[in-house]
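Worksheet: the structure to be examined is printed underneath.
No value in this document is a laboratory result; all are computed from the given coordinates. If you're wondering where the values come from, they're calculated on a predicted model, not measured in any experiment. Note that we place each Cβ from the backbone using ideal geometry, even for glycine, and neighbour counts take in every protein chain shown.
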Amino acid sequence: MLSALMEEIEKVFGMEIRRRRQKLGLSQEDFADKAGIHRTYISSIELGKVQVSIGIAYRLSEALELPLSTIWRNIERKLKSSEA
């Protein structure tokens with residue numbers, strides 16, 4: 001059960017990062033440069049294939065010009081709406 005929840009969180013986190021990146025009009029490459037992370041890692045994050053450390057999550061939020069708390073709030077809303 002916990003494993004399935006973690007996979008869902010990773011998936012929703014990735015979707016939220018992609019949504020915001022696209023809203024800012026950034027390519028994955030530009031976003032990766034801005035965050036100081038390799039582009040292929042950005043792709044893996046957006047696809048929900050990796051667990052992201054808090055440090056990486058913070059770097060992503062800074063590159064997205066959005067507080068990490070806002071990203072998590074959006075994720076929580078999406079997770080709660082998928083439970084209904």
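Here are a few things to note about the model shown:
- Computed [θ] at 222 nm, helices only, for the chain once each DSSP H run of length n ≥ 4 contributes -39500 (n - 2.57): -24000 deg cm²/dmol
- Applying Stokes-Einstein at 20 °C and 1.002 mPa s to the Kirkwood radius of region 2-70, computed over alpha-carbon pairs, gives a translational diffusion coefficient of 181 µm² s⁻¹.
- Overall, the chain carries a charge dipole of about 200 debye about its Cα centre when +1 sits on the Cβ of Lys and Arg and -1 on the Cβ of Asp and Glu, all other atoms neutral.
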